[in-house]
Amino acid sequence: MLTTGYPLVRSLQISFYKWSVLPTQASTFIGLDNYVRALADPQFWTSVVNAGVYLLMSVPATVALGLFFAVLLQKKMPGRTLFRVLFYIPVVTSWVVVSLLFKFLFTTDNGAVNWFITDFLSLSDHAVPWLEQRWTGLIAISLLGIWKNLGWCLVVFLASLGGVGEELYEAAALDGANAWHKFVHVTLPGIRGTLLFVLVLQVIGAFNVFPSVLLMTNGGPAGSTEVPLTYMYKQAFSFLDFGYGSAMSFILAIFIFVVSFAQFKFFGEKKEALR
Amino acid sequence: MTAISLKPKSSREADKPSRNERSKRPFNIWLLVRVAIVVCGAVMMVAPFMIMVSTSLEPNTATLPNPPHFLPQTLTSANYEEAWTENNFAGFFGNSAYVSVLTTVASVVISSMTAFAFARFDFPLKNFMFSLLLAGLMIPGIVVIVPQFVLAKSLNMLDSLEGLVFFYTAGQIAFTTFLLRAFFERVPRELDEAMTVDGAGILRKFLVLYIPLARPALATAAVFSFLGAWDEYVWALTVISDATKRTLPLGIAAFQGEHSTAWGLVFAASTLAVIPVIAVYVAGQKHLIAGITTGAVK
């Protein structure tokens with residue numbers, strides 16, 4: 001309680017102040033100034049747009065690929081457990097390790113990704129400066145997001161697919177349904193709740209993207225790949241502007257609450273099952 | 001893409017009724033396609049790690065190998081030795097082990113008690129407090145990082161490993177309590193009542209009945225707490241400034257910042273950091289998956 005309730009209230013309080021880090025100096029109450037400042041800060045908006053781009057590039061792909069591999073792995077096949085373990089390894093690995101690993105893979109000179117594009121596929125004859133530009137940087141960070149979270153989606157979908165009744169598929173087969181029809185009319189409705197759950201958590205996760213950006217591009221060049229959390233973190237802990245950082249995190253928290261609320265709206269009856 | 005994935009399934013199922021008289025060949029072809037796609041996916045998952053381990057086992061060079069090495073060309077343990085002895089990764093490893101083990105023990109002990117209270121007692125504001133706990137699950141930690149920092153400062157917990165344990169445990173409790181409560185509630189009331197008839201008190205029931213029955217759930221909670229503490233980076237980055245108190249993620253990240261070209265060293269340290277994770281994951285795989293799907297799948 002102390003560590004969830006208290007900081008929330010305190011966070012709101014700090015966001016109304018020009019907060020002083022040194023105990024000897026007084027913090028001044030400045031009301032909504034920090035919020036006004038955030039909403040007028042072009043760098044803040046760039047970071048929000050970047051998070052949105054990251055979300056659009058990573059979440060649909062992660063969820064679709066997770067479901068795709070879950071459907072493939074649902075039926076018996078040799079080495080099923082091994083595959084499930086392999087897909088899950090990126091999920092349990094520290095963000096620091098995988099971020100540095102992807103930074104290495106996306107290195108401009110002789111990086112593995114550039115080798116793949118220029119030498120293996122011959123798509124381009126010059127190396128792409130992945131992490132030195134805004135859009136390619138966001139693509140690299142999104143690819144890491146997809147790679148790291150895919151296994152989690154896969155495992156959740158696998159568990160959920162097991163709950164869809166076999167007799168529904170048999171009934172659909174009797175009606176002459178092909179695979180696509182079965183997927184759309186039996187599988188998707190059968191896992192609707194789980195699909196929403198995964199989607200909502202992935203969306204929230206996308207707005208919380210942080211260590212990968214910090215370690216791969218550090219928001220650069222010139223703040224062009226900054227996301228809300230890296231920007232907030234820098235304001236709070238590099239420039240020691242705690243009030244401003246808090247205000248930004250509160251704006252983000254409000255957004256996440258709206259998404260979570262939508263989740264509970266969607267779930268309705270599921271809420272009972274959670275208790 | 002999904003449509004393609006389902007084609008094999010359809011042919012396979014269409015064959016079902018006539019499988020006895022027909023040869024199994026069409027079925028096997030589709031199984032092969034399915035396995036091939038999954039193998040491709042698994043290779044994508046594993047290839048980066050192979051490059052990581054391979055790089056860590058090769059001598060450090062200023063330029064990266066082209067094409068990338070999935071298997072080391074010249075084997076050397078120099079990076080591991082240098083990381084372990086000269087760059088104090090042994091110390092970071094020890095710090096991480098200390099913090100993770102303490103966090104695991106603390107969060108399992110505390111949350112088993114709170115979960116028991118939520119599952120079997122009535123007290124004022126019980127539902128409200130449980131909702132607060134669930135809210136703690138939904139609020140991403142980083143949103144409250146500023147006030148937590150202020151709190152840690154006033155509790156004198158900056159720059160201390162025990163301080164890390166305190167906040168990691170606090171961060172884990174919401175989830176582990178949620179998990180354990182669901183499990184405790186499934187313990188049959190009759191067993192509980194039978195023990196009451198035999199004159200057992202609350203404490204005895206908790207220790208003799210609930211805890212042993214909840215072993216799988218406790219294992220789940222332990223795996224999550226351990227991995228959470230072992231992998232955590234942002235909070236440690238925020239509160240730890242003493243270089244000797246760094247945990248592994250901090251050590252690895254800081255090292256990369258200072259010498260951005262010594263990838264062999266960075267990956268030697270990364271490999272050392274990943275080994276316990278994979279060990280814990282493989283050992284607790286069943287429990288981990290049970291934990292993730294709690295709540296996701298009703």
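I'm checking my understanding of the structure. Among residues of region B:143-161 that are in a helix (DSSP H, G or I) and touching a residue at least 60 places away in the same chain (Cβ under 8 Å), which one is farthest from the other protein chains (Cβ to nearest Cβ)? Don't jump to the end; show me each part of the working.
Applying the first criterion (in a helix (DSSP H, G or I)) to region B:143-161 yields B:143-154, B:161.
With touching a residue at least 60 places away in the same chain (Cβ under 8 Å) added as a condition, the list becomes B:145, B:148-149, B:152, B:161.
Numbers: B:I145: 7, B:Q148: 5, B:F149: 8, B:A152: 10, B:L161: 17 Å.
Out of the qualifying residues, it is B:L161.
Checking the conditions here, which among B:L164, B:L158, B:L151 is more than 20 Å from the chain's Cα centre (by Cα) and modelled with pLDDT of 85 or more? It would help to see each step written out before you state the result.
Working: B:L164 fails: more than 20 Å from the chain's Cα centre (by Cα); B:L151 fails: modelled with pLDDT of 85 or more.
Result of the check over B:L164, B:L158, B:L151: B:L158.
Looking only at region A:231-266, count every residue that is surrounded by fewer than 24 Cβ atoms within 10 Å (Cβ to Cβ) and either under 20 Å from A:F102 (Cα atoms) or not aromatic (F, W, Y) (or both) and tell me the total.
The number of residues fulfilling the criteria is 15.
Could you list, in sequence order, all residues of region B:94-149 that are farther than 29 Å from A:Y231 by Cβ and aromatic (F, W, Y)?
Residues satisfying the conditions are B:Y98, B:F116, B:F118, B:F121, B:F123, B:F128, B:F130.
Report, ordered by the first and then the second residue, all pairs with beta carbons closer than 8 Å, sequence separation of six or more or different chains, a first member in region B:32-43 that is over 14 Å from A:G151 (Cα atoms) and within 9 Å of chain A (Cβ to nearest Cβ), and a second member that is open to solvent by 50 Å² or more (accessible area, probe 1.4 Å) and in a helix (DSSP H, G or I).
Going by the 8 Å Cβ cut-off, there are no qualifying pairs.
Can you run down the residue pairs with Cβ atoms below 6 Å, 6 or more apart or on separate chains, where the first is in region B:268-286 and within 10 Å of chain A (Cβ to nearest Cβ) and the partner is open to solvent by 50 Å² or more (accessible area, probe 1.4 Å)?
These pairs meet every condition: B:T271/B:V53.
Would you be able to tell me the number of residues in region A:77-97 that are farther than 30 Å from B:L237 by Cβ and either within 15 Å of the chain's Cα centre (by Cα) or part of a helix (DSSP H, G or I) (or both)? If you could, list the steps in order and put the result at the bottom.
Here is the first cut: in region A:77-97, the residues farther than 30 Å from B:L237 by Cβ are A:77-84.
If we keep only those that are either within 15 Å of the chain's Cα centre (by Cα) or part of a helix (DSSP H, G or I) (or both) too, we end up with A:80-84.
Of the residues in that region, 5 qualify.
Would you check which residues across region B:264-290 are buried (at least 18 other Cβ atoms within 10 Å of the Cβ), assigned to a helix (DSSP H, G or I) and not hydrophobic (A, V, I, L, M, F, W, C) and list them?
Scanning region B:264-290 gives B:G264, B:S270, B:T271, B:Y281, B:H287.
Please go through region A:56-83 and give me each residue that is surrounded by 20 or more Cβ atoms within 10 Å (Cβ to Cβ) and touching a residue at least 60 places away in the same chain (Cβ under 8 Å), ordered by number. Let's see the steps before the verdict.
Our first condition is that a residue be surrounded by 20 or more Cβ atoms within 10 Å (Cβ to Cβ); within region A:56-83, this holds for A:58-59, A:62-63, A:65-73, A:83.
Within region A:56-83, A:S58, A:V59, A:T62, A:V63, A:L65, A:G66, A:L67, A:F69, A:A70, A:V71, A:L73 qualify.
The conditions are (1) closer than 27 Å to A:F250 by Cβ; (2) polar (S, T, N, Q); (3) within 13 Å of chain B (Cβ to nearest Cβ), and A:S58 fails exactly one of them. Which is it?
Going through (1) closer than 27 Å to A:F250 by Cβ; (2) polar (S, T, N, Q); (3) within 13 Å of chain B (Cβ to nearest Cβ) one by one, A:S58 breaks only (3).
Answer yes if at least one residue in region A:68-76 is under 30 Å from A:V186 (Cα atoms), assigned to a loop (DSSP other than H, G, I, E, B) and at pLDDT below 90, and no otherwise.
Yes, there is a match, as at least one residue in region A:68-76 is under 30 Å from A:V186 (Cα atoms), assigned to a loop (DSSP other than H, G, I, E, B) and at pLDDT below 90.
Of everything in region B:102-131 that's within 16 Å of B:I202 (Cα to Cα) and not hydrophobic (A, V, I, L, M, F, W, C), which residue is farthest from the chain's Cα centre (by Cα)?
The residue in question is B:D122.
Any idea which of (1) more than 22 Å from A:V53 (Cβ to Cβ); (2) free of Cβ contacts under 8 Å to residues at least 40 places away in the same chain is the one A:L105 doesn't satisfy?
Condition (1) is where A:L105 drops out.
State all residues of region A:105-131 that are in contact with a Gly (Cβ under 8 Å, 6 or more places away or on another chain) and in a helix (DSSP H, G or I); if no residue qualifies, say none. Full working, then the answer.
We begin by selecting, within region A:105-131, every residue in contact with a Gly (Cβ under 8 Å, 6 or more places away or on another chain); these are A:105, A:127, A:130-131.
Matches in region A:105-131: A:L105, A:W130, A:L131.
Would you confirm whether or not region B:175-186 contains a residue that is within 30 Å of A:A236 (Cα to Cα) and either surrounded by fewer than 17 Cβ atoms within 10 Å (Cβ to Cβ) or out of contact with any helix residue (DSSP H, G or I) (no Cβ under 9 Å at 6 or more places or on another chain) (or both)?
No.
What number of residues within region B:187-204 are assigned to a helix (DSSP H, G or I), closer than 24 Å to B:A290 by Cβ and open to solvent by less than 60 Å² (accessible area, probe 1.4 Å)? Explain how you work it out, then say what you get.
Our first condition is that a residue be assigned to a helix (DSSP H, G or I); within region B:187-204, this holds for B:189-197, B:202-204.
Within this subset, residues satisfying the condition of being closer than 24 Å to B:A290 by Cβ are B:189, B:191-192.
Then drop every residue that is not open to solvent by less than 60 Å² (accessible area, probe 1.4 Å), which leaves B:192.
Number satisfying all stated conditions: 1.
Would you please name the residue that is farthest from B:A135 (Cα to Cα), looking only at residues in region A:174-208 that are facing chain B (nearest Cβ under 10 Å) and of a type in the set (G, A, S)?
By that ranking, first place goes to A:A177.
Quick check on region A:136-169: of everything there that is open to solvent by 60 Å² or more (accessible area, probe 1.4 Å) and at the interface with chain B (Cβ under 9 Å from one of its Cβ atoms), which residue is farthest from A:K103 (Cα to Cα)?
It comes out as A:G163.
For (1) more than 14 Å from every other protein chain (Cβ to nearest Cβ); (2) open to solvent by 20 Å² or more (accessible area, probe 1.4 Å); (3) of a type outside the set (S, T, N, Q); (4) not in a loop (DSSP other than H, G, I, E, B), each residue gets a yes or a no:
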{"site": "B:Q73", "(1), (2), (3), (4)": "yes, yes, no, no"}
{"site": "B:T76", "(1), (2), (3), (4)": "yes, yes, no, no"}
{"site": "B:A83", "(1), (2), (3), (4)": "no, no, yes, yes"}
{"site": "B:G91", "(1), (2), (3), (4)": "yes, yes, yes, yes"}
{"site": "B:I110", "(1), (2), (3), (4)": "no, yes, yes, yes"}
{"site": "B:F123", "(1), (2), (3), (4)": "no, yes, yes, no"}
{"site": "B:M129", "(1), (2), (3), (4)": "no, yes, yes, yes"}
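The values are calculated or read from the model by the stated rules, or taken from the named source; none is laboratory data. Treat the numbers as computed from the prediction; the structure is a model and nothing was measured. Neighbour counts are summed over all protein chains in view; Cβ atoms, including those assigned to glycine, are modelled from backbone coordinates with ideal geometry. Ligands, DNA and RNA are stripped out before the accessible areas are found, and what is left, the full protein with its side chains, is counted by its heavy atoms. Shrake-Rupley method; radii C 1.70, N 1.55, O 1.52, S 1.80 Å.
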